[in-house]
2 protein chains.
Amino acid sequence: MPAEAKVSAKVNKPAKVEARAAAPASPPLTERQEARRRRILHASAQLASRGGFDAVQMREVAESSQVALGTLYRYFPSKIHLLVATMQDQLEHMHGTLRKKPPQGETAAERVAETLMRAFRALQREPHLADAMVRALTFADRSVSPEVDQVSRQTTAIILDAMGQENPTPEQLSAVRVIEHTWHSALVTWLSGRASIAQVKIDIETVCRLIDLTSPTTP
Amino acid sequence: MPAEAKVSAKVNKPAKVEARAAAPASPPLTERQEARRRRILHASAQLASRGGFDAVQMREVAESSQVALGTLYRYFPSKIHLLVATMQDQLEHMHGTLRKKPPQGETAAERVAETLMRAFRALQREPHLADAMVRALTFADRSVSPEVDQVSRQTTAIILDAMGQENPTPEQLSAVRVIEHTWHSALVTWLSGRASIAQVKIDIETVCRLIDLTSPTTP
DNA sequence: CGCTAATCTAGAACAAGTTTCAGACTTGAT
DNA sequence: ATCAAGTCTGAAACTTGTTCTAGATTAGCG
């Protein structure tokens, strides 16, 4: 069997079959391949941190990560794929960070709101990066669905963690879905300068009330 | 003063100052200019109805509407501006349609959910058009803020109409904001094939509960 | 060690959004 | 009717995402 071959055959066009779980999905990569992938994601995040979505130019990413343009496209079939993967990367990081200091709130709603606001503050520190990732996420078409879905699952996991709810009811899951919707959309409006930070905070707190509504006494 | 001049000087780069109300914002256009604008919007919607966002190619729009490419850009400074304007157009239409048959629901929440589902069904009839408009809306950057904001106001108006609430409380307005967030984000997930129609329905109904939560007895 | 299949590279080529420019055309004012 | 100022047109040019190609390189296998 060939060199860094069959392995990254999956890297290129992730076979539909294997687009499910988190990391264990794609087959193991060569060390060098893993390194390339890291360099690419790093370059992506770095460029994004500067000028946001537009600053992440494929040629620049390729150059920064010392990889040929064609190779970049083999790893990430489009700019959107690349940025969504960058978001996955950052999200994992954030989930780890959040886990360390569990939210203090009394109610589940408070804890979720607190967690999301913490995440929001993190994004505020790198607004350009946030811009690139969120724009990519909402602009993604069907061809990126598996990756976007993965981001969504990760977000859900973070919220459920904050709720401290082991076995959420279907109603609670609906509430979580709506919270995610609000979270994404609120970020978009903030990033495009149509809503203030305070406004985002209010929106998050408002939507989090749905948790109380669906948790204790189900009306 | 020159011909179709000073008039469309505003057409080009809508002076920041006049980006507020609905239609009365920009100064009156020449008849021919108004006609050009209509042709452009019509071509845009037509192309979008076919192949969605990607099918709306500026050169094609220009050709279809019998306008030079440069002129198209004078009227709409970017593809995003064009599609957002197309959405404004469609939204107005829809608001008119919705007004004719007010929702029947007992509670405000039911009426809002019913209205949004009606709008949703309308979008389902032209999924490609919906795709183009929604993608443009969420991808828009700061340079399109005024126009996007206009769309947002129009959406708010539709929801408040459905609520039948003349003087909404700040809390209710927050709920409406969250409903809009959910509405947009749910559309995005549906368009990208990550949520079913049924799922969107559930999300809408879920978020609409916030209205009941903020209307009668303020907890 | 040498083979073979696949990867990686460098660079050209293509596609669509956006910009630019010179010249023809309109329109309102004089 | 003429004029000045601004608009519209047609076409080329530029930018950036994406694709394609030929050849150099790499990795596992016999």
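The values are calculated or read from the model by the stated rules, or taken from the named source; none is laboratory data. The structure presented is a predicted model; accordingly, all values stated were derived computationally and were not measured. Here the Cβ is made from the backbone with ideal geometry for all residues, glycine too, and neighbour counts use every protein chain on show. Just so you know, the surface numbers come from the protein's heavy atoms only, side chains and all, with ligands and any DNA or RNA stripped out. Shrake-Rupley method; radii C 1.70, N 1.55, O 1.52, S 1.80 Å.
Please specify each residue of the range B:172-217 satisfying the condition of being in a loop (DSSP other than H, G, I, E, B) and touching a residue at least 12 places away in the same chain (Cβ under 8 Å). Explain how you work it out, then say what you get.
Kept after step one, since they are in a loop (DSSP other than H, G, I, E, B), are these residues of the range B:172-217: B:192-196, B:215-217.
Result: B:215, single match.
For the range A:178-195, filtered to residues that are farther than 18 Å from residue B:139 by Cβ and open to solvent by less than 10 Å² (accessible area, probe 1.4 Å), the residue that is farthest from the other protein chains (Cβ to nearest Cβ) is A:179.
If you scan the range B:32-48, which residues turn out to be away from DNA strand D (no atom under 11 Å from the Cβ), surrounded by fewer than 18 Cβ atoms within 10 Å (Cβ to Cβ) and more than 15 Å from residue B:81 (Cα to Cα)? So that I can check it myself, show each step before the final result.
Initially, the range B:32-48 is screened for residues away from DNA strand D (no atom under 11 Å from the Cβ), giving B:38, B:41-48.
Then drop every residue that is not surrounded by fewer than 18 Cβ atoms within 10 Å (Cβ to Cβ), which leaves B:38, B:42, B:46.
B:46 - this is the single residue of the range B:32-48 that is away from DNA strand D (no atom under 11 Å from the Cβ), surrounded by fewer than 18 Cβ atoms within 10 Å (Cβ to Cβ) and more than 15 Å from residue B:81 (Cα to Cα).
With the requirement that a residue be over 19 Å from residue A:121 (Cβ atoms) and open to solvent by 10 Å² or more (accessible area, probe 1.4 Å), what does the range A:196-219 give you? Selection gives A:209, A:212, A:213, A:215, A:216, A:217, A:218, A:219. When residues in the range A:139-150 are screened for being closer than 15 Å to residue A:185 by Cα and surrounded by fewer than 22 Cβ atoms within 10 Å (Cβ to Cβ), 1 of them pass. Selection over the range A:106-133 of residues that are surrounded by fewer than 22 Cβ atoms within 10 Å (Cβ to Cβ) and facing another protein chain (nearest Cβ under 9 Å) gives a count of 0. Annotation note: of A:198, A:175, the sole residue that is modelled with pLDDT of 95 or more and either touching an Asp or Glu at 6+ places or on another chain (Cβ under 6 Å) or more than 10 Å from chain B (Cβ to nearest Cβ) (or both) is A:198. Summed over the range B:27-63, residues that are closer than 21 Å to residue B:129 by Cβ, away from DNA strand C (no atom under 12 Å from the Cβ) and in contact (Cβ under 8 Å) with a residue 12 or more places away in the chain total 10. Every condition in (1) closer than 30 Å to residue A:55 by Cα; (2) within 14 Å of chain B (Cβ to nearest Cβ); (3) in contact (Cβ under 8 Å) with a residue 12 or more places away in the chain is met by residue A:169 except one, and the failing one is (1).
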